[in-house]
Amino acid sequence: MSDTGFWIVQTLNGVQLSLLYFLLSVGLTVIFGLMHFVNLAHGALYALGAYVSVTVSAVLGYWGGFLLAPVAVAVVGIGLYLLLIRRLRHADHMNQVLVTFGLIFVFTDLFRIGWGDIDLGLEPPTLFSGQSTVFGVVYPTYRLFVIALGLVIMAALALVLTRTQIGAMIRAGVDNEDMAACLGIDVDRVFFGVFCMGCALAGLAGVVAAPVFSVTPAMGDSVLIPALIVVVIGGLGSLRGAVVGSFLVGFIQTFGAVIAPQLAAMITYALLAAVLILRPAGLFPARS
Amino acid sequence: MSFRPTTRATALCAAITVGALSPLAAQAKTSVGLLLPYSGVFAALGNEIEAGFTVAMEAAGATDQFDIIKEDTEVKPPVGLAKARKLVLEDEVDVIVGVVSSGVLGAMRDFVHDAEVPLLVANAGNDHATGEQCSPYITRVSFSNAQINRPMGDWLAGSGVKTAYIMAADYAAGHQTMAAFKESFTAAGGEIVGEEYTPFRKTKDFGPYLTKAKASGAEAVYVFYAGGEAISFVKQYDSFGLKDQMGLYSGGFLTSPLYVNAEGPAAEGVITALHYMPTLDTPENKAFVDAYTAKYGKGPSEFAVQGYDAAHALLSSQADGETRGAELSAALSRYSANSPRGPISIDPATNNIVQNIYIYETVAGENGLTQRLIDTVENVQDAPNGCVL
Amino acid sequence: MFHQTALKSVTLVILLLGLGAYVQTGGYYGRELVIEACILAMLALSVDVVAGYGGMISMCHGALLGAAAYAFAAMTALLGWPPSLSFVIAIVASTLLATAIGAVSSRTQGIFFIMATLAFGQMVYVMIFDAPMLGGDDGMAGVKRLNLDLVGINFKKSAPFAFACIALLALSYGLAALMLRSGFGRTLSGVKANEDRLRALGVRVWWVKARAFGFSGLLAGIAGVMAAQHTQFVSPELLLWTLSGEALVVVILGGLGTLVGPLVGAIALVFVKHEISSVTHYWHLFIGIALILTVLAGGRGLYGQFEYVVTRARRRRAKDHA
């Protein structure tokens, strides 16, 4: 492999990881921006998406899981919303953090009860198995699919948020909830819709990640921290922030692993600390 | 909602007193502390070892001879140590069986040594435990990291592979396995062209490392990964197309039957060395696999056979009439048998097991993936490495 | 504002006596549980000082405890320094570390503060995990205990050690109560209630927060040194953010901002965990549900609810009399 080829592949690795982080953190950040709600159970919903897809695809194949897992996670999200989150919307952050922290415990043990302690795997769809040649390098086709899907969803979300009426309503809600309500926007319904969407995206991230990584009860914990870092670096509630944050964290982790593996974990936390000290509300705060 | 510690304490005291009385009622029984992870990332391993242990006990009809007290070590060395102390000081067990994580073993080593309580290690492979930190009270019936990986260096060089790139999780087992492989591989004329230690349990995306391995131009990749990391690694290795370019070899649990099917077709062609494979064609193994499958509805793994042999070592010491302390330890370290994994014995110099190492390829079978035996390295024995018993 | 009410004093004395009695009657493992509960209670106490009275929710207290434990372990096991000296240095180290983290994080608020402390805590974790000298993932053995033979106490035995833990827990509570009743403690409550107003009054808010965090680090350091001496073994799990989360859970289950609550929560968690885990391997499920129910029930926690009920009854009685 040529030297340029090597760095092209590493760049693709970085893009792929970044977009996976984007799928995971965009729901988290929009839920936070709109509802001021800190959902630590987001990682558990991601794991739920992966587990459901393993079970469903055993019967219906990968694409069955791909379609059904986000739906299933959204349904669970609706249940959580009606049972818990609606009550906590106006509670302080502390209580939200604690309840959703409790949910992590509950979900992790439910995964163990439902799917066992042994780690599972999911095969990529035959359509995207093997390798393809892009930019003169050979690269796993499935990872190209992850990149394409991430970009499509990123573009779709940007369009919805900036060009549609629903997007305007969401932005109004983020900017000033009371004012939006005064203007006749049914804020609660917008919130509900956004929450479901956020959960579905977490579930989608789970299905998409399952063929790349292994499916384990604690898989949610291991992505929760990077996702939170993305959200906080980018600025809570900001789509642009989530994009920039994802790429910063994804590229630091990928290139950190290549250049200085021992420092990679450290650099991510150092970046988070630096951003918080210099720009306490993140790089692109949704509200000025 | 008030909390009354005094009532609670009384209730607890009562419970503990009752618990302490029961062993008295049956004096003849040997009490065994089963110290395994039942929660956390190693929970599946703990369950397998216990399953193997139970199969052996039931087959021997010896369940009644023992009082078995189970304790969960989680994956936390301090918890493991606290539970070991509890078993010895409160339950006053005669012998402790188990220990999956080397960290837990390291934490409790001095305690069992000083307390002179026999410990039968049923997994933890840290070389030092039967090397410089060996103890007459610690007998290992599982494996050591070097024992599995040293033969692979010779074998791989002998099979014509001249250059290897090595990768392992960045913790003690990763470093020990790689050191053993490196030593024998280079001694046999092989060359290590690059090495990488990835953050343990923190690495999900092996892409960046695999890209480096591919660029190194080595003929083979030699790795040490287990559990979830093994699944991620094998699948990502395949997805990057490395299979056509460089063979994947490992000494250890990369393609353990426990989760090899989660790796899917990506695992086909991977060559690993291990002390057991469920498809060994011996009468002992057939009997074991049948008994295990009949009870649990699935085949055993190498972890199950470790629990099985631990139970048999214990039974054999009982047959010698030894139930406590140094005598029990000595009886355990005299153990030898025709195990499902082939002939095994305990090395009197280190108390580590002496056993065959099987080099096998993972291949597609009728019911998912299975093993094809390539070579057997007989009676692999570790050097004492500073062990004085 | 903190008041050492009669109700708090009575509960505290009952708890400490109960633990002491259990050391005498609970057998070997009972003593282990008491030690574990005391260490967790000290950590929870230190979390309550900043979270309950300063409004600073910390996700790095596990790292503070772990840093003190590792400092103590490194000094006694690697350098062969006397445990008494190491004891003091380790606690000073965790105090300074906490002051620094508090000073830097004080610029941020709410969820950002949580994330900032998480980042610093994880940095300490990664640093220690990646230091081969400190044993990495395998941890470090050979940690020494204090030698109290001169005063006739065999600290290697579990009963004297358990009593020492109870005494240190009482001492930590006393220190925390004194701090909160001092002028500084009142300033801290003021910062929690209205940061901007105090800033307008000329209070250097960041320095108040930093010092409060430092004090909290001192208490966490005591817990850490005792944890290292207890198991005589340290491993990186001590520093993980999940331990910080567990300490926070204990504070909430017991009662945030009550100072006695954390003790109640820690004792309850350790003993209930012990009971549940002998029945099922899924005890996290029960802890999770308990946590959710506690918050939904008003978030007062076991002791907080108790105090609330008692105070309300007393007020009602007073009203009836009037």
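The values are calculated or read from the model by the stated rules, or taken from the named source; none is laboratory data. This structure is a prediction, so every number in the text was calculated from the model and none was measured. Neighbour counts are summed over all protein chains in view; Cβ atoms, including those assigned to glycine, are modelled from backbone coordinates with ideal geometry. SASA here: full protein model, heavy atoms, side chains in, ligands and nucleic acids out. Shrake-Rupley method; radii C 1.70, N 1.55, O 1.52, S 1.80 Å.
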By residue number, the members of region B:152-164 that are open to solvent by 10 Å² or more (accessible area, probe 1.4 Å) and either touching a Pro at 6+ places or on another chain (Cβ under 9 Å) or not in a loop (DSSP other than H, G, I, E, B) (or both) are B:D154, B:W155, B:G158, B:T163
Heads up, the helices (runs of 4 or more DSSP H) in region B:259-323 (entirely inside) with at least 1 residues that are touching a helix residue (DSSP H, G or I) at 6+ places or on another chain (Cβ under 9 Å) and in the same structural domain as B:T54 (by TED's automatic domain parsing) are B:283-296, B:302-319
Only one of C:A131, C:A162, C:A200 is buried (at least 19 other Cβ atoms within 10 Å of the Cβ) and small (G, A, S), namely C:A162
Residues of region A:15-51 being in a helix (DSSP H, G or I), crowded, with 24+ Cβ neighbours inside 10 Å and either β-branched (V, I, T) or without any contact (Cβ under 8 Å) to a residue 40 or more places away in the chain (or both), in sequence order, are A:V26, A:T29, A:V30, A:I31
How many residues of region C:11-29 are at the interface with chain B (Cβ under 9 Å from one of its Cβ atoms) and either out of contact with any helix residue (DSSP H, G or I) (no Cβ under 9 Å at 6 or more places or on another chain) or surrounded by fewer than 24 Cβ atoms within 10 Å (Cβ to Cβ) (or both)? The answer is 10
Within region B:304-322, of all residues that are polar (S, T, N, Q) and in contact (Cβ under 8 Å) with a residue 60 or more places away in the chain, the one least open to solvent (accessible area, probe 1.4 Å) is B:Q306
### Query
Does region C:242-251 include one or more residues that are under 20 Å from the mean Cα position of the chain (by Cα), among the acidic types (D, E), assigned to a helix (DSSP H, G or I) and under 28 Å from A:I85 (Cα atoms)?
yes
When every residue in region A:91-113 that is facing chain C (nearest Cβ under 7 Å) and not hydrophobic (A, V, I, L, M, F, W, C) is compared, the one surrounded by the fewest Cβ atoms within 10 Å (Cβ to Cβ) is A:H93
Of B:A188, B:A218, B:A230, the only residue that is more than 9 Å from chain A (Cβ to nearest Cβ) and touching an Asp or Glu at 6+ places or on another chain (Cβ under 8 Å) is B:A188
Those residues of region B:38-74 that are of a type in the set (V, I, T) and at the interface with another protein chain (Cβ under 8 Å from one of its Cβ atoms) come to a total of 1
Filtering region B:323-346 for residues that are in contact (Cβ under 8 Å) with a residue 60 or more places away in the chain and open to solvent by less than 30 Å² (accessible area, probe 1.4 Å) leaves a count of 11
Residue count, region A:114-145, condition open to solvent by 50 Å² or more (accessible area, probe 1.4 Å), in contact with a Phe, Trp or Tyr (Cβ under 9 Å, 6 or more places away or on another chain) and more than 24 Å from B:T255 (Cβ to Cβ), comes to 4
So, first residue open to solvent by less than 40 Å² (accessible area, probe 1.4 Å) in region B:65-83, second residue in a helix (DSSP H, G or I) and among the aromatic types (F, W, Y), Cβ within less than 9 Å, six or more apart or across chains; the pairs are B:L81/B:F111; B:A82/C:Y29
Residue pairs qualifying under the 6 Å Cβ cut-off, at least six apart or on distinct chains, with the first in region A:172-200 being of a type in the set (V, I, T) and the second being outside any helix (DSSP H, G or I) and at pLDDT below 85, are A:V174/A:G237; A:V174/A:A286
Considering residues that are in contact (Cβ under 8 Å) with a residue 12 or more places away in the chain and within 9 Å of chain C (Cβ to nearest Cβ), the number found within region A:62-90 is 2
Going through region C:284-308 in order, the residues found to be in contact with a helix residue (DSSP H, G or I) (Cβ under 8 Å, 6 or more places away or on another chain), part of a helix (DSSP H, G or I) and closer than 17 Å to A:R86 by Cα are C:I292, C:T294, C:V295, C:L296
Considering region C:291-311, residues that are within 14 Å of chain A (Cβ to nearest Cβ) and surrounded by fewer than 18 Cβ atoms within 10 Å (Cβ to Cβ), and then whichever is farthest from B:Y38 (Cα to Cα), we arrive at C:G298
- Query: Do we have B:A124 as open to solvent by less than 20 Å² (accessible area, probe 1.4 Å) and within 14 Å of chain C (Cβ to nearest Cβ) here?
  - Reply: yes
Note on C:G55: of the conditions (1) modelled with pLDDT under 95; (2) under 22 Å from C:V104 (Cα atoms); (3) surrounded by 24 or more Cβ atoms within 10 Å (Cβ to Cβ), unmet is (3)
